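Every read-out reported here was derived from the displayed coordinates using simple, explicitly stated rules and does not represent laboratory data. None of these values were measured; they are calculated from a predicted model. Here Cβ is always computed from backbone atoms with ideal geometry, including for glycine, and neighbour counts include all displayed protein chains.
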Amino acid sequence: MESIVSLCRRRGFIFQSSEIYSGINGFFDYGPMGVELRRNIKDAWWKDFVQRRDDIVGLDSSIIHHPKTWEASGHVDNFTDPLVDCKVSKQRYRADQLFFAPVVVDGRTAGYVSALESDNVEAELREAAEKLKRKKAIQGELGPVRPREFTEATPEEIRLIPSPATGEPGSLTPPRSFNMMFETQAGALRDGSGLVYLRPETAQGIFINFKNVVDSGRSKIPFGIAQIGKAFRNEINPRNFIFRSREFEQMEIEYFISPDEDWQSRHREWIDTGNSWLESIGIPASALSEYTHPKEKLSHYSKGTVDIMYAFPFGVQELWGFAARGDFDLMQHQKFSGKSMEIFDEASKKKFIPHVIEPSVGVDRILLAVLCSAYAEEEVGGEKRTILKFSPRVAPIKVAVFPLVKNKPELVRLAEELYRKLQRHYNVFFDTSGAVGRRYRRMDEAGTPYCVTFDFDSLEDGSFTLRERDTMEQKRMNEEDLFRLLDETVY
C-alpha cells in the first residue's frame, strides 16, 4: 500500500488536500493523472448503466436538500456512529472499530487488552495479552483470546480496558452516538432556522425527484434513476488512504420495481451485473467476494443487502453495496411531504408505491481498487519495472506518441500529425525527452497501454511501431490499424 500511495503522489494521481498547510485529514485532491482516471471510471459507468440501457435515466440533484429530507430518510436519528474518546490523548475512535479481550490465565482474569480494527485483530490482541502477562510476571497458561467490540463492554469493563493511544486503562469514555452529517447554514440568519446539511448520500436526491422524473419522462416500471455526485460524511476515523474519507463521490442507481415482483431475483441480477462490470474495468474476479448482511445488522431501510468485497492490501473490505430498500424511502417522503408518491402502472392497471433495488458504489473506492489491481513490479533486464496495468477503458493516457529522435524534423512532424489526430478523440501524450526506453518506462508507470514510436522506416511509408504495455511486444502498424485497435479496446 505504501508503494501505491507513493506512486500516486509522484505521478500526480492523488495528493493530500491542503498539503502546504500540513494537510487536512479525510480530504484528498486529484492531480492531472488522477482526475483523468477518475473521469474515465465515471464515464465507463455512465455509458454502461445509463446510455447503453433503455431502462435507466440520469439525474443531477443539488448537494443541499430541504432539511426535512433527512428527517424523512432517518438520517437525523439513525445516521450515527458510536464514538469513544480517550480523555488523556484526546484521540477519538469508533466503538465498532475498537476491540478488546480479557486476559485469562489459568481461568482467572488478569487484565484487559485492546486493539483497533485490522486484518488480524485476534493475533494483535493475543500478542498484547502475552506482553501483559510478561509485564505482570503472571505464571500459568494463557487462555483463548476472543475479540469483542467495545460496544459490548460493560461499565465495569470500560474502566479496565486500556486506551490504544496510551496503553493505560481508565481513560476511555462509554460509547455515545455521533451524527456524521456536516451541518451548515443557508441564508443570512444564524438562529437555527437556516440549518441545513451537506448530503451524506446521493440516494435521497433521487427519491425526492422521483415523481418529477416519472411525470416528465413517462418512465414505466421497472426503470432506474442514476446519479453521480459528491457526498460528505464526518467520519470519526478516516483511514486507508482514499478508502474512507470525509468528502467522496458516489455512483448510485435507484431501480424501481413493482411490489409484486420477486425482489430477490432482481437483487441477484444487479449483483451479477456489478461483478461483470468490475471485471470490464480491470478488477479481477479472483480479488472479489460477496458478503451478505445478517438480518440483525441490516440498515433500518433494508430488506436485504449484499456487498461485493475487494481484497485491498489492508484487508478485504466493502467495494459495492446492493440494498433492497423496499418502499421505505418513497413512503417516508410521502408521509413527511404530504405529496403522493404513487404511480399508475399501465401493465397491471394498478396504483402503487414502487419498491427499490439500490446498487451504490463510491468512485474513490473503485479508483483505489483499480489502482491496487493494476499495480505491479517486474524485473526486466536486471532493472525493476513499475507498471500500472490499467484496462484501456480507464487508463488516464490512452496512447503516448514518440519520435525516435528529436533532431530529425521530418520524424517529429510525422509524430506530431498523428498526435494531433489522436488528440481529437483521446487523452494522449507526446514526448521527445530522453532515450525511448526511458520514455517507455515512464509511460508504464503512468499505466499507458500503448506507445507509438516513429523511426527512420516511418519516413518511407508513414507506418510506426506500436509497443504494448503489459507484454512489451512491438509490432508494425499504420494509422488505420491504430484507430481500429483503440475503438475496440477503449470504448
Farthest toward positive dipole pole in the chain [+1 Lys/Arg, -1 Asp/Glu at C-beta], among Ile253, Gln139, Ser62: Gln139
Whichever lysines have a C-alpha closer than 16 Å to that of Lys350, once near sequence neighbours (fewer than 8 apart) are set aside: Lys220
In this structure, the FRET efficiency calculated for Asn120 and Asp470 from their beta-carbon separation, with R0 = 30 Å, to the nearest 0.05, is 0.35
Calculate, for Arg134 and Glu156, the FRET efficiency according to 1/(1 + (r/R0)^6) with r their C-beta to C-beta distance and R0 22 Å; round to the nearest 0.05. 0.30
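Using a/c under 1.5 as the rounded threshold, could you call segment 80-178 rounded, prolate or oblate? The axes a ≥ b ≥ c are square roots of the C-alpha gyration tensor eigenvalues, and prolate needs a/b larger than b/c, oblate otherwise.
prolate
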Taking the alpha carbon gyration tensor of the chain, what are the square roots of 5 times its eigenvalues, largest first, to the nearest whole Å? 45, 35, 21
Which residues does a label at Asp272 reach in segment 343-373, if reach means a backbone N under 18 Å from a point 7 Å past the Cα toward the Cβ? 357-359
Expressed in angstrom and rounded, the centroid-to-centroid distance over alpha carbons for segment 326-364 and segment 185-216 is 17
Sites Arg176 and Ser289, calculated FRET efficiency, Cβ-Cβ separation with R0 30 Å, nearest 0.05: 0.35
For Val380, Val50, which order do you get if you count the other beta carbons within 10 Å of each Cβ and list the fewest first? Val380, Val50
7 Å from Cα along Cα→Cβ at both Asp457 and Glu261: what's the point-to-point distance in nm? 5.6
